[in-house]
Amino acid sequence: MTISLDEAKALADSVIEKAKEQGLTVGVAVVNERAGTVLVVGMDGSRPFTPDTAHGKALGTVLWGMTGERLEGRGGNSVFDYVSRLYGDRVVYAKGSALLQRAGATVGAIGVSGGMPDVDEELARTAAAHFSPAGC
């Protein structure tokens, strides 16, 4: 099982719609269950590093099977830093990500960056909660 590009687009669109309602410009990233990049996008006006940060959050979540909230502050731990180095120091341990699951199995993760940490986390969790095989 994995997540399709169409599903990733639907997830990103749902996050972007909510971000616009809140006056935010965010980056959104979706990775599959093996940490492969499916989609990375930044809204018009988002900072250049925002999509990459969202990608790093999604990586951390899928690699460790934990939300960004649970991963926050894990950097600085030798095992967590080692895993980040394995992935080119691109793993971000911060709020703003959620697992994507189907039939009890993890199929990927979504990361969001650009708002305050709690807002990024809520946007990611809301998108993940509405994830389904047919898209969002």
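The values are calculated or read from the model by the stated rules, or taken from the named source; none is laboratory data. From a predicted model like this one, the values you see are computed outputs, not experimental measurements. Cβ sites come from the backbone with ideal geometry, for glycine too, and all protein chains shown count toward neighbours.
Some values worked out for this structure:
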{"quantity": "Options VAL91, VAL83; residue that is of a type in the set (Val, Ile, Thr), at pLDDT below 95 and farther than 17 Å from LYS18 by Cα", "calculated": "VAL83"}
{"quantity": "The listed residue being surrounded by 15 or more Cβ atoms within 10 Å (Cβ to Cβ) and of a type in the set (A, V, I, L, M), out of ALA105, ALA29, ALA129", "calculated": "ALA29"}
{"quantity": "Yes/no for LEU11 being in contact with a helix residue (DSSP H, G or I) (Cβ under 8 Å, 6 or more places away or on another chain), surrounded by 24 or more Cβ atoms within 10 Å (Cβ to Cβ) and either on the phi > 0 side of the Ramachandran plot or assigned to a helix (DSSP H, G or I) (or both)", "calculated": "yes"}
{"quantity": "The range 47-63, residues that are in a helix (DSSP H, G or I) and surrounded by fewer than 19 Cβ atoms within 10 Å (Cβ to Cβ)", "calculated": "ASP52"}
{"quantity": "Failed criterion for ARG90 (all others in (1) in a helix (DSSP H, G or I); (2) basic (Lys, Arg); (3) surrounded by fewer than 21 Cβ atoms within 10 Å (Cβ to Cβ) hold)", "calculated": "(1)"}
